[in-house]
Amino acid sequence: GTDEGGANGSEDEGAIGLADFVVATNTDLLSELAATASSLRSLFPDDTDSLVAAVQAPADDYVALLESILPPAEGAPSWRAAEITVAFETLVTDFARIGAAVPEAVLSERALTLARDALMGATVAARRDACTAVARGCRGVAEALTGGETAGLAPARNEMRACVTAAAEAAVVRMRALITAADAAPALTEGWLPALHAAMQRELAALVDAARDSLAGGSGAEGSGPGDDEALDRGSNAPAGALLIGWSVLGALAETVVPSLMDAISTCAANPEVNAGGRPPFVSGELLRGIAAARTEVLRAYAESRGRVLSGMVRSAMASPDCTEEPSAPRLYAEVIAKELASIAAEAGAMLPSSGGDDNRERASTVDRLFREKTRIFGAVEACCDSVVAAVAGIALRSLRECVREQTFDDAGFRQMQLDVAALREALAGKHSDELDEVLKSAEERAVQDDSGIEA
């Protein structure tokens, strides 16, 4: 049998259930253990160690057999939660009969531990199956977006939201079944429900992490930011558009999946046993904060990805030979940066709100501070189009300033930089003026004056 909502939705015809398997396989074992215990008791009434060893060894072998077909063992069937509890209620009862004769063998306790491990493992299996479905969906969307057309973002977003939400909700359905089965089997789960709920929260958090990593192509290493050159070089393996889709999809998890699981365990919330120690069994705020952090990482990865492309353009353009004639027009990279930022604004605008709030001055100064502090370009990207575009532009302008500081300029070269910066000012419509002033100031500092001086 398989879990409700699992990868296999119904029992295979003719397949033996876990409870039937336990009954069928432990009959001979129980007879053997009973006979062994009886014989040793009559022959060696004082040899407790030999009696325990004789009973414990075959029982351990049998438990190991069960472990191999129970979650979270790789390849184990996705047993229905009720199947697990019914099977182990039988096993615990049967082992108790032998344990009554040989209490030192703690057979019932071993069966009880295995039952709880199996229920915990079922939460792992539910998450693992959901992660596989999410990764498969992410690969499909990434392949569909390889061409990078903005028009395809909305359909791909809807497809990915449906995929991730369905996978996560299937995991929740299976966890809901675990709650029901565990609650109906107090002999197995007495005093242990909080641990099961904590495991569900842990596995859903792991699902969020896996979704983030799949959607962001494995980016989001701790401590990295778009101002971190190593992070820029590492980047993300996902198409830029897929990262924006990831931001939207992770929001769907917060909107639908977390409330669904909260509803699933709400029936147990009033149980004093569940709230032992004063801590709720499932802290939704922690998971929601994790989702919010994951969304921030995905947006940051998008800014890194786009900024890395512009940074490469700038470095290539600045690596060209100095001007040998009086410049008459800005270089091509200034126009390309303007066009790319417009394209990014259109792409981000298809997924994000245009503005993140009323505090526009703080958002606009995010990059400015970093130029002065000489640390990172930004610590976080707000979930709005303006902030994302500003972050990408900041990466490109930082690269421009670094390139300027690595060069020296003659008169013609400095005037070329003046034309480039003027073109960028016009293209950026007055934004990033502080960064552009820094670029021009750096160029002036690196200029080599001739006898006639340099016109600033």
Restricting the stretch 294-334 to residues that are surrounded by 13 or more Cβ atoms within 10 Å (Cβ to Cβ) and among the charged types (D, E, K, R), the one nearest to residue 411 (Cα to Cα) turns out to be 331
For the stretch 118-131 the number of residues that are free of Cβ contacts under 8 Å to residues at least 60 places away in the same chain and either open to solvent by 30 Å² or more (accessible area, probe 1.4 Å) or not in a helix (DSSP H, G or I) (or both) is 1
Subset of the stretch 435-447, residues open to solvent by 70 Å² or more (accessible area, probe 1.4 Å) and in contact with a Ser or Thr (Cβ under 9 Å, 6 or more places away or on another chain), comes to 446
Answer with yes or no whether residue 37 is in the same structural domain as residue 111 (by the TED database), touching a residue at least 12 places away in the same chain (Cβ under 8 Å) and more than 47 Å from the chain's Cα centre (by Cα).
yes
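Provide a single number: the residues in the stretch 26-64 that are over 16 Å from residue 98 (Cα atoms) and surrounded by 12 or more Cβ atoms within 10 Å (Cβ to Cβ).
Initially, the stretch 26-64 is screened for residues over 16 Å from residue 98 (Cα atoms), giving 43-47, 64.
Retained after the next criterion (residues that are surrounded by 12 or more Cβ atoms within 10 Å (Cβ to Cβ)): 44, 47.
Going through the stretch 26-64 one residue at a time, the tally reaches 2.
Restricting to the stretch 422-445, name every residue that is in contact with a Phe, Trp or Tyr (Cβ under 8 Å, 6 or more places away or on another chain) and among the hydrophobic types (A, V, I, L, M, F, W, C).
Of all residues in the stretch 422-445, those in contact with a Phe, Trp or Tyr (Cβ under 8 Å, 6 or more places away or on another chain) come to 434-435, 438, 443-444.
The answer is 443, and nothing else.
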Considering the stretch 330-368, residues that are farther than 20 Å from residue 433 by Cα and small (Gly, Ala, Ser), and then whichever is modelled with the lowest pLDDT, we arrive at 357
Note on the stretch 407-425: residues over 40 Å from the mean Cα position of the chain (by Cα) and either open to solvent by 50 Å² or more (accessible area, probe 1.4 Å) or not assigned by the TED database to the domain that holds residue 344 (or both) are 408, 410, 415, 419, 422
For the stretch 190-230 the number of residues that are among the acidic types (Asp, Glu), modelled with pLDDT of 75 or more and surrounded by fewer than 21 Cβ atoms within 10 Å (Cβ to Cβ) is 2
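The values are calculated or read from the model by the stated rules, or taken from the named source; none is laboratory data. What you see is a predicted model; the values in this text were computed from it and never measured. With ideal geometry, Cβ positions are generated from the backbone for all residues, glycine too; neighbour counts draw on all protein chains shown. Areas reflect the complete protein model, heavy atoms only, side chains present, ligands, DNA and RNA absent. Shrake-Rupley method; radii C 1.70, N 1.55, O 1.52, S 1.80 Å.
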